[in-house]
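Undergrad: Below is one structure. I have some questions about it.
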Amino acid sequence: MADKVSEVVAVAVTKTMKKNKDLARLLTAASCALVSGLSTTTHADDSWDVDSAFLLYSESDSRVSAVEPVVSATKNYDEETKLNFKIVADTLTGASPNGATPSDQVQTFTSPSGKSSYNATAGEQPLDDTFKDTRIALSSNWSAPINRDWAYGVGGYLSAEHDYRSLGVNGNLSRYLNQKNTTLTLGLNLSNDAVTPEGGVPTGLHQIPLDRSDSEFTQRSDSENKNLVDAVFGVTQVINSKTIMQFNYALSTSSGYLTDPYKMLSVIDDTAGSNFGGNFQSGGNNVYLYEKRPDSRLKQSIYWQTKHQFDNSDVLDVSYRFMFDDWGVNSHTIDAKYRFRFDNQYLEPQLRWYTQSKADFYNRYLTSSDYTNTSLASADYRLGDLDTYTIGLRYGYEFADNTEFYTRFSLYHQESSGEKGIGKLASQELYPGLDSMMLIMGYKF
Amino acid sequence: MRGVSGIFGLISITIALTGCSDLGVKPWERGILAQQEMNLINEPIESSLNDHIYFSKEASSGGQGFGGGGCGCN
């Protein structure tokens, strides 16, 4: 009898618990529906969202200019299942520093193809003005849930320009924890790039010939390859109803041809005399060498980002990245954006600061006494000590039909630094800065 | 897959122990976080254009996503 009573009580308790559980389930379902309802107001289900933009980029002193249209189309099957296609085209024109130092004499450089030459006047920064390129890049990504706790994404891309081709695949896997307050993500990217330089692949640290009849030109191969493997491990954490934070650790390895085939180094005379600090000459011609970088690189980075929405709906987005690699480069990046939100418009000031230390093999120039003993060297200022600053302003206007027009204007400033040159080279500007402007105009529909 | 699950399992335990499980919100408190503006990358086109410029002008790339590549500019 007692057993019977306890059984009845147990069933009743179970039923009550079941009822509570059902109620909790119902509430969760209702709140989830509400949440997904809220967010689907911005992502209409089973529809295409298109974001199209146009970038104008222009550097001071007639250096590089770029025009870059982009169209990205996303099909939303449901809140978490999406298919994206993106196409980017860019056209670059202008001149790029070739790595040589300015001089108190006129300098003549062989063009990358060896078919022509170009000059830098006394005191002028040597710029290669044969630089012109058009690139097309296509990419696609698919992301979907696996079940309640797991989601995945896969993608691929192809980018092609006349002297470069890149082909890549990527995938990521996410695990939700703590009622989706914590997300762990593991991403992997593999890519294979082929470099087919104008004039063939030059021999690293070889003296640049005067023209293509030289044996250095005739023995060149047409192309080289490089392979990249990137892995990113991330933790995204919801802090509270208005704050979300992310930590990432990324590892990137590249191997193969990592040299820039168009960059060179000047050899400077360091023997005492009237030409101390001038261009070293051999056979009556200045000696310039093709640069040479290591054939592998391992980069690691730590990234932190936080987004917070204030009570007045303004949004602050701050991030920090520390990167270090086995080339000796360390860098710090801080990026901050603050979006002032009005009824159907926003205004977003942006600031970015970046600083890097030079690669171990970076040399602004080589000297006549040691250039034959050098195994790796580059004078590419992008591998030197560098500080950069970006200031920008973005504005967006949302129309009644949920389409949006936006524009962004930003200024980018670079400051390079390094050792002063020897002798008469010290009076040359070895580390010129760079200023550029960027204008983006876009429409989302 | 088992290896990946293992890594995720290990990290999950670490996070639980370090107290991340105390943070967060209930499903019905996600209204603000669900706004498009609160996505970590809420303007992907602008981010990709910026990443491309910085990739071609500086020695670092990636961090938020993959390290990039795909152009001969660096």
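The values are calculated or read from the model by the stated rules, or taken from the named source; none is laboratory data. Since we're looking at a predicted model, the values are computed, not measured. A quick note on method: Cβ atoms are made from the backbone with ideal geometry, for glycine too, and the neighbour counts reach across all protein chains shown.
Undergrad: So, in the stretch A:289-305, exactly how many residues are farther than 30 Å from A:Asn225 by Cα and either of a type in the set (Asp, Glu) or surrounded by fewer than 17 Cβ atoms within 10 Å (Cβ to Cβ) (or both)?
TA: Kept after step one, since they are farther than 30 Å from A:Asn225 by Cα, are these residues of the stretch A:289-305: A:304-305.
Narrowing the set further to residues that are either of a type in the set (Asp, Glu) or surrounded by fewer than 17 Cβ atoms within 10 Å (Cβ to Cβ) (or both) leaves A:304.
Number satisfying all stated conditions: 1.
Undergrad: Please report, ordered by residue number, the strands (runs of 3 or more DSSP E) entirely within the stretch A:285-371 with at least 1 residues that are at pLDDT 95 or above and acidic (Asp, Glu). If you could, list the steps in order and put the result at the bottom.
TA: Details: elements: A:288-290, A:296-309, A:315-325, A:330-341, A:345-356.
It comes to A:315-325, A:330-341, A:345-356.
Undergrad: So, one more: Taking the stretch A:192-219 as the search range and keeping residues that are under 30 Å from A:Gly156 (Cα atoms) and hydrophobic (A, V, I, L, M, F, W, C), which one is farthest from the other protein chains (Cβ to nearest Cβ)?
TA: Among residues in the stretch A:192-219 that are under 30 Å from A:Gly156 (Cα atoms) and hydrophobic (A, V, I, L, M, F, W, C), the one farthest from the other protein chains (Cβ to nearest Cβ) is A:Val201.
Undergrad: Which of the residues belonging to the stretch A:113-124 are surrounded by 14 or more Cβ atoms within 10 Å (Cβ to Cβ) and either among the charged types (D, E, K, R) or over 18 Å from A:Val287 (Cβ atoms) (or both)?
TA: Restricting attention to the stretch A:113-124, the residues satisfying the condition of being surrounded by 14 or more Cβ atoms within 10 Å (Cβ to Cβ) are A:113-114, A:118, A:120, A:124.
If the condition is that a residue be surrounded by 14 or more Cβ atoms within 10 Å (Cβ to Cβ) and either among the charged types (D, E, K, R) or over 18 Å from A:Val287 (Cβ atoms) (or both), then A:Ser113, A:Glu124 are the ones that fit.
Undergrad: Just wondering, is there one or more residues in the stretch A:385-402 that are over 30 Å from A:Leu55 (Cβ atoms), surrounded by fewer than 17 Cβ atoms within 10 Å (Cβ to Cβ), away from chain B (no Cβ under 11 Å) and out of contact with any Cys (no Cβ under 8 Å at 6 or more places or on another chain)?
TA: If we filter the stretch A:385-402 for residues that are over 30 Å from A:Leu55 (Cβ atoms), which is where we start, we get none.
No, every residue in the stretch A:385-402 fails to be over 30 Å from A:Leu55 (Cβ atoms), surrounded by fewer than 17 Cβ atoms within 10 Å (Cβ to Cβ), away from chain B (no Cβ under 11 Å) and out of contact with any Cys (no Cβ under 8 Å at 6 or more places or on another chain).
Undergrad: Something else: Hey, can you tell me all the residues within the stretch A:410-442 that are loosely packed, with under 15 Cβ neighbours inside 10 Å and part of a strand (DSSP E or B)?
TA: A:Leu411, A:His413, A:Glu415, A:Ser417, A:Asp435, A:Met437, A:Leu439, A:Met441
One line per residue, one yes/no per condition, for (1) charged (D, E, K, R); (2) in contact with a Cys (Cβ under 8 Å, 6 or more places away or on another chain); (3) closer than 30 Å to A:Leu434 by Cα:
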| site | (1), (2), (3) |
| --- | --- |
| A:Ser117 | no, no, yes |
| A:Ala120 | no, no, yes |
| A:Asp128 | yes, no, yes |
| A:Thr134 | no, no, yes |
| A:Ser139 | no, no, no |
| A:Glu161 | yes, yes, yes |
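Undergrad: Run A:Leu347 past the list (1) within 21 Å of the chain's Cα centre (by Cα); (2) farther than 29 Å from A:Leu205 by Cβ and report the number of the one that doesn't hold.
TA: (1)
Undergrad: In the stretch A:169-186, which residues are more than 7 Å from every other protein chain (Cβ to nearest Cβ) and either within 23 Å of A:Asn227 (Cα to Cα) or part of a strand (DSSP E or B) (or both)?
TA: Initially, the stretch A:169-186 is screened for residues more than 7 Å from every other protein chain (Cβ to nearest Cβ), giving A:169, A:171-172, A:174, A:176, A:180, A:183, A:185.
Listed by number, the residues that qualify are A:Val169, A:Gly171, A:Asn172, A:Ser174, A:Tyr176, A:Thr183, A:Thr185.
Undergrad: What is the one condition in (1) in contact (Cβ under 8 Å) with a residue 12 or more places away in the chain; (2) part of a loop (DSSP other than H, G, I, E, B); (3) over 27 Å from A:Thr218 (Cβ atoms) that A:Ala151 does not satisfy?
TA: (2)
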